[in-house]
Amino acid sequence: MNQYIVDTDVIIGFYDSLPMDVYKTQWKLIGKYIEDKRIVICEAVFNEIKKAEELKQWLNNYRKDLIPCYTQETLIEAKVIINKYPKLIDVNNTSDQSDPYVIALAKLKKLIVLSNESYSEGGKKTKIPYICKDLGIICRNTREFYKDEQWQF
């Protein structure tokens, strides 16, 4: 049974592409995956979601299921990742940036990263899929997740 840790863009992508009032069955399934720890959301991802009040309220129902990402072990691993890939974060952004924690938790807990970012090393930001590949962490996008888990709409 696969366990996934999600990047913020995936949760927002679910929300944007699966309106809650239309895709009620899928949102129940997402909730069940969270309860069963098949989809893991860390505190930093939760904190990054500032828009979409409906989504934030829905996620509040699963607040007890969030995994802590500010533990000493995770902070140390996130720092190692940031030092190796400094363009992973925006040093001018003072708000919480979840990417280092998502990758650190995936590495520490042997989770599959679920991210819709493109595979990119260059540019202003080093993307999650590139770092995951470099670190030997499995990274899937939403479409691959749907296929892996045999979700049908």
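None of the figures in this text is laboratory data; all of them are computed from the coordinates on show. Note that this is a predicted model, so its numbers are computed, not measured. Every residue, glycine as well, gets a Cβ built from its backbone with ideal geometry; the counts of neighbours run over all protein chains shown.
Neighbouring Cβ atoms within 10 Å as the yardstick, rank Phe14, Phe153 fewest first. Write down the numbers at each step before the final one.
On the way: Phe14 19, Phe153 8.
Least to most surrounded, the residues fall as Phe153, Phe14.
If a/c stays under 1.5 just call it rounded; otherwise compare a/b with b/c (prolate if a/b is bigger, oblate if not). Do that for the chain, with a ≥ b ≥ c from the square roots of the Cα gyration tensor eigenvalues.
Values: a/c = 1.59, a/b = 1.46, b/c = 1.09.
Judged from the Cα gyration tensor, the chain comes out prolate (a/c at least 1.5, a/b above b/c).
For the chain, what is the relative contact order in percent, using Cα pairs closer than 8 Å and at least 6 residues apart in sequence?
On the way: 196 pairs, mean separation 40.1, N = 153.
With pairs under 8 Å counted, the relative contact order is 26 percent.
In degrees from 0 to 90, rounded to the nearest 10, what is the angle of the helix 99-109 Cα long axis to the longest principal axis of the chain?
In the chain, helix 99-109 runs at an angle near 80 degrees to the longest axis.
Which far-off residues, 5 or more places away or on another chain, put their amide H under 5 Å from the one on Ile67, with H placed in the peptide plane?
Amide H neighbours of Ile67: Ile41, Cys42, Glu43.
From the phi angles alone, apply the Karplus equation (6.51, -1.76, 1.60; θ = phi - 60°) to region 69-75 and give each ³J(HN,Hα) in whole Hz, x where the residue is Gly or Pro.
Couplings: 10, 9, 7, 4, 4, 5, 4 Hz.
Taking the beta-carbon count within 10 Å as an exposure proxy, list Arg140, Arg38 from fewest neighbours to most. Let's see the in-between values first.
Details: Arg140 21, Arg38 14.
Exposure proxy ranking, most exposed first: Arg38, Arg140.
What is the distance in Å between the Cα centres of region 1-36 and region 58-87?
So the two Cα centres are separated by 19 Å.
Straight-line reach from Lys37: which aspartates and glutamates have a Cα under 17 Å away, not including same-chain ones fewer than 8 places off?
Counting by Cα, and skipping residues close in sequence, Lys37 has these aspartates and glutamates nearby: Asp7, Asp65, Asp148, Glu149.
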